[in-house]
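Only one structure is covered here, and it is reproduced in the block below.
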Amino acid sequence: MYHDFGFIDLLSIDKVTEHRLFLLLEHFKEPTAIVNARQQELAAIVGQDTAHRILTYKREETTERKYEICQNLLIDIIAYNSAKYPAWLRNISQFPPVLFVRGTIKSDDEISVGIVGTRGATVYGKSIAERFAGDFARTGITVVSGMARGIDTMAHYGAIKNKGRTIAVLGCGVDRCYPPENKTLMTKIIENGAVVSEFNIGTPPLAHHFPRRNRIVSGLSKAIVAIEAKEKSGVMNTVNWALDQNKDVFAIPGNIYSKASSGTNRLIKDGAIPVTKVDEILESLGIRYTRQEKEVKKLTLNETEIKVWDRLSVEPIYLDVLSDTLEEPTGSILNTLLNLEIKGLVKQLPGMMFVRNIE
């Protein structure tokens, strides 16, 4: 039986909204400190009513069962202030304060592309989704999608068939499989990437969850590729999130008589980048190395270089910050960074800032 106060408890308390959970974590850092706080301290952050609910909360048997499910399914609960939380997701507004994860999210998954499309996909759309995902996988790019029927399903399969990584973002708890026929696919995604959700264990796939889910799909991706979509659909919602997050949006041109392509054709009219092959997307994103070339380069890294590499991303980081994070002398870190730059894995920017080199 579990007795430690945790995130499942917090998310089970009425009035503890996503915004309030963020505020609580900003101040207290972790769940146990929240429940052990004084009511006045809590009330100053979330109000008297919510503070009272937190301090009088008693775990029910159903909540105990959720912790057991987490243990049985190896579900990781990751707060935004954890080193395991995908750093690039924190760059978007309204990022989820907590993620439930089955599988693993790696630092290399930052180089990812979201593939989205209609559930009622045509044979043409499904084949494009599988082919594009496979091409991305062979280049070493992680494919992100929502595990829905149609385009999403084929995108995940395309990545897995080509031994690539893929991440599925759900509109329900990660202990649930939705749609139910994707149970085998879900298992394969966990083995080759991760299934993630911001929703508590046991949360059903309710309609209003999916628009929220879509911001995470785009947030985890460097760009979005829309393959087939009607003019009013969840795909368009994902695209809107991507535009708000300053992400590139690519669209596959479709049959002008097909309702399944009306949305993507409209996106092209409105400024989305039309593409017919993956190479066009890679060129736009500045990605040139194949997966094999990247792996060969990384095989040459020593333990110290791997340590530094894992802390880098495509977002610039100052040398001093990197030194403080790794608790290593600046001179030593700089020497390692220069070695990585010689190997073509790191790029130095003005002001002693460094990024991963994805070219």
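Each reported figure results from applying straightforward, stated rules to the coordinates on display, with no laboratory input. Predicted, not measured: the structure shown is a model, and the values here were computed from it. Every residue, glycine as well, gets a Cβ built from its backbone with ideal geometry; the counts of neighbours run over all protein chains shown.
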Span from the the stretch 332-347 Cα centroid across to the the stretch 139-166 one, whole angstrom: 32 Å
Net charge near residue 121, counting Lys/Arg +1 and Asp/Glu -1 over other residues with Cβ under 14 Å of its Cβ? +3
Between residue 40 and residue 71, the FRET efficiency computed from the C-beta separation at R0 = 45 Å comes out, to the nearest 0.05, as 0.80
Figure the gain on full extension for residue 48 and residue 300 (residue separation times 0.36 nm, minus the Cα-Cα span) and round it to one decimal in nm. 85.0 nm
Given the options 118, 233, 180, identify the residue whose Cα lies farthest towards the positive end of the charge dipole of the stretch 103-285 (+1 on Cβ of Lys, Arg; -1 on Cβ of Asp, Glu). 180
What is the stretch 195-315 by shape, rounded, prolate or oblate, if you read a ≥ b ≥ c off the alpha carbon gyration tensor as root eigenvalues and call it rounded for a/c under 1.5, prolate for a/b larger than b/c, and oblate otherwise? oblate
How many nm separate the modelled label positions at residue 270 and residue 318, each set 7 Å beyond the Cα in the direction of the Cβ? 4.0 nm
Cβ-based exposure ranking for 203, 56, in which fewest neighbours within 10 Å come first: 56, 203
If you take the square roots of the eigenvalues of the alpha-carbon gyration tensor of the chain and sort them as a ≥ b ≥ c, do you get rounded (a/c under 1.5), prolate (a/b over b/c) or oblate? oblate
Net length gained if the chain between residue 277 and residue 246 were fully extended (0.36 nm per residue, minus Cα distance): 8.9 nm
Suppose we keep just the DSSP beta bridges with both residues in the stretch 103-285; what percent of those would be antiparallel, to 5? 5 percent
Relative frequency of Cα-Cα separations exceeding 17 Å in the stretch 1-71, percent: 37 percent
Trypsin sites (Lys or Arg not before Pro), restricted to the stretch 20-82: which are DSSP loop and have at most 13 other Cβ atoms within 10 Å? 29, 38, 58
Per residue of the stretch 12-26, what does 6.51 cos²θ - 1.76 cosθ + 1.60 with θ = phi - 60° give for ³J(HN,Hα)? Whole Hz please, x for Gly and Pro, Karplus curve as stated. 8, 8, 4, 5, 7, 7, 4, 5, 5, 4, 4, 4, 5, 5, 4
Sort 152-160, 345-353 for me by packing, meaning the mean count of neighbouring Cβ atoms within 10 Å per residue, highest on top. 152-160, 345-353
When the Karplus curve 6.51 cos²θ - 1.76 cosθ + 1.60 is applied with θ = phi - 60°, which whole-Hz ³J(HN,Hα) does each residue of the stretch 136-144 get, with x for Gly and Pro? 4, 4, 5, 8, x, 9, 6, 9, 10
Just from its helices, what would the mean residue ellipticity at 222 nm be for the chain, if runs of 4 or more DSSP H residues each count -39500 (n - 2.57) and the sum is divided by every residue, rounded to the nearest 500 deg cm²/dmol? -13000 deg cm²/dmol
Restricting attention to the stretch 181-283, which GluC sites (Glu not before Pro) occupy a DSSP loop and are surrounded by at most 16 other Cβ atoms within 10 Å? 231
Where a ≥ b ≥ c are root eigenvalues of the Cα gyration tensor, a/c under 1.5 meaning rounded, otherwise prolate if a/b exceeds b/c and oblate otherwise, the stretch 300-356 counts as rounded
What number comes out for the charge environment of residue 188, summing +1 per Lys or Arg and -1 per Asp or Glu over other residues with Cβ under 13 Å away? +4
Work out the length of the dipole vector of the chain about its Cα centre, built from +1 on the beta-carbon of each Lys and Arg and -1 on the beta-carbon of each Asp and Glu, and round it to the nearest 20 debye. 1160 debye
So what's the net charge close to residue 16: Lys and Arg +1, Asp and Glu -1, counting the other residues with Cβ under 12 Å from its Cβ? -1
Give the peptides 123-129, 251-257 in descending order of average Cβ contacts within 10 Å, highest first. 123-129, 251-257
So which trypsin sites (Lys or Arg not before Pro) in the stretch 184-274 end up in coil per DSSP with only 10 or fewer other C-beta atoms within 10 Å? 232
FRET E, pair residue 15, residue 93, Förster distance 25 Å, beta-carbon r, rounded to 0.05: 0.65
Contour minus Cα-Cα distance for residue 335 and residue 307 (0.36 nm per residue): 8.8 nm
Electrostatic dipole magnitude of the stretch 103-285 [Cβ: Lys, Arg +1; Asp, Glu -1; Cα centre; debye, to 20]: 440 debye
